[in-house]
Amino acid sequence: MSIKTVGVVGCGLMGSGIAEVVAKNGYSVIVREVNDEFLQKGLARIRASTQKAVDRNKITVEARDQLLARIRGTTHLEEFSECDYVVEAAIENLNLKKDIFERLDSITRPEVILASNTSSLSIAEMAAKTKKPDKVLGMHFFNPVPVMPLLEMVRSFMTSEATYETSRALGKALGKQIIVAKDYPGFIVNALLVPFQLDAIRFYENGMASKEDIDKGVRLGLNHPMGPLELCDFVGIDTVLFIADEVYNETKDPRYAAPPLLRRMVAAGYHGRKTGKGFYEYSK
């Protein structure tokens, strides 16, 4: 199937990054947000990101202008009738995503693949809201999308081989390195990462070590670019709790049971970098 126009549902942190990478690689993009305020913030984020790339001599001014010209913003999902492929990047709420997939199913052509950027939610449940579950899969990008090379593809038991092959070809065209997971809670990356993060929180909560030493130990001893508590702040402590709860609720695996400290930090608004406070402070 020839893909010329890609739709991106959501222009937040992930959606704007996906739209940027898709446009950078020559595709036309229609990106949709729920209102004009959110849309303009997302488009401004893309402009700032591409300007940073120009400043660092990663792309030319001409290439930046061509990239931006390929992106069209909208608040109307109906405009996705023009799309040849769609990536949903709305917030991690399964009911919301199921509603989006049901609407996309009625708007897009029968042959159009519908992908979700979810980091942990069930692809099969989203696919079940469509009349073409064989054309639904996960395309999990990583933040920041223009920088991170990884793409985690997720196949439900209904995803067809043709859908997988077309999506894999698109991922390669976007310059991503691809891993493939079954539709199991947490997929590959978060299924391995979250228990590690929760253990680090338990270490800190129980007074076994300072947060600084936990992070330094992992950075220098395991050669990770960030320690687990630093990474929680970067990803979003609320996001870590959400994924942990989702996986635990499906599997009842005690490795994903959230420590009390994590739940209390989220309740208090300590969500990490995005709120200025998490395990560390970011007021400066």
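The values are calculated or read from the model by the stated rules, or taken from the named source; none is laboratory data. Keep in mind that this is a model prediction, so the values were computed, not measured. Counting neighbours? That spans all protein chains shown, and the Cβs are built from the backbone with ideal geometry, glycine included.
Observations
- The set of residues in region 14-44 that are more than 15 Å from the chain's Cα centre (by Cα) and small (Gly, Ala, Ser) comprises Ala23, Gly26, Ser28, Ala44.
- Failed criterion for Ile30 (all others in (1) closer than 11 Å to Thr74 by Cβ; (2) part of a helix (DSSP H, G or I) hold): (2)
- Residue within region 36-57 that is touching a helix residue (DSSP H, G or I) at 6+ places or on another chain (Cβ under 6 Å) and in a loop (DSSP other than H, G, I, E, B) present: no
- For region 14-56, taking the residues that are among the basic types (Lys, Arg) and out of contact with any strand residue (DSSP E or B) (no Cβ under 7 Å at 6 or more places or on another chain), the one that is farthest from Thr163 (Cα to Cα) is identified as Arg56.
- None of Glu62, Glu79 is part of a helix (DSSP H, G or I), closer than 19 Å to Ala115 by Cβ and among the acidic types (Asp, Glu) except Glu79.
- Among residues that are closer than 25 Å to Ile243 by Cα, outside any loop (DSSP other than H, G, I, E, B) and of a type outside the set (Asp, Glu), Leu137 is included.
- Answer residue from region 117-134, given it is free of Cβ contacts under 8 Å to residues at least 40 places away in the same chain and in a loop (DSSP other than H, G, I, E, B) and is nearest to Glu250 (Cα to Cα) among those: Thr118
- Search result, residues across region 104-116 that are outside any loop (DSSP other than H, G, I, E, B) and surrounded by 15 or more Cβ atoms within 10 Å (Cβ to Cβ): Leu104, Asp105, Ile107, Ile113, Leu114, Ala115, Ser116
- From Ile113, Ile107, Ile100, Ile91, residue being farther than 12 Å from Met158 by Cβ and modelled with pLDDT under 95: Ile91
- Residue within region 132-144 that is in the same structural domain as Val21 (by TED's automatic domain parsing), more than 22 Å from Ser2 (Cα to Cα), touching a Phe, Trp or Tyr at 6+ places or on another chain (Cβ under 8 Å) and buried (at least 18 other Cβ atoms within 10 Å of the Cβ) present: no
- Looking only at residues in region 1-13 that are under 26 Å from Ser160 (Cα atoms) and among the aliphatic types (A, V, I, L, M), the one that is surrounded by the fewest Cβ atoms within 10 Å (Cβ to Cβ) is Met1.
- Residue satisfying all of: in region 240-261; touching a residue at least 60 places away in the same chain (Cβ under 8 Å) and surrounded by fewer than 22 Cβ atoms within 10 Å (Cβ to Cβ); nearest to the chain's Cα centre (by Cα) among these: Phe242
- Within region 26-55, considering residues that are touching a residue at least 40 places away in the same chain (Cβ under 8 Å) and loosely packed, with under 15 Cβ neighbours inside 10 Å, the one nearest to Val235 (Cα to Cα): Val34
- Of all residues making up region 196-222, the number that are out of contact with any Phe, Trp or Tyr (no Cβ under 8 Å at 6 or more places or on another chain), under 21 Å from Pro260 (Cα atoms), outside any loop (DSSP other than H, G, I, E, B) and among the aliphatic types (A, V, I, L, M): 2
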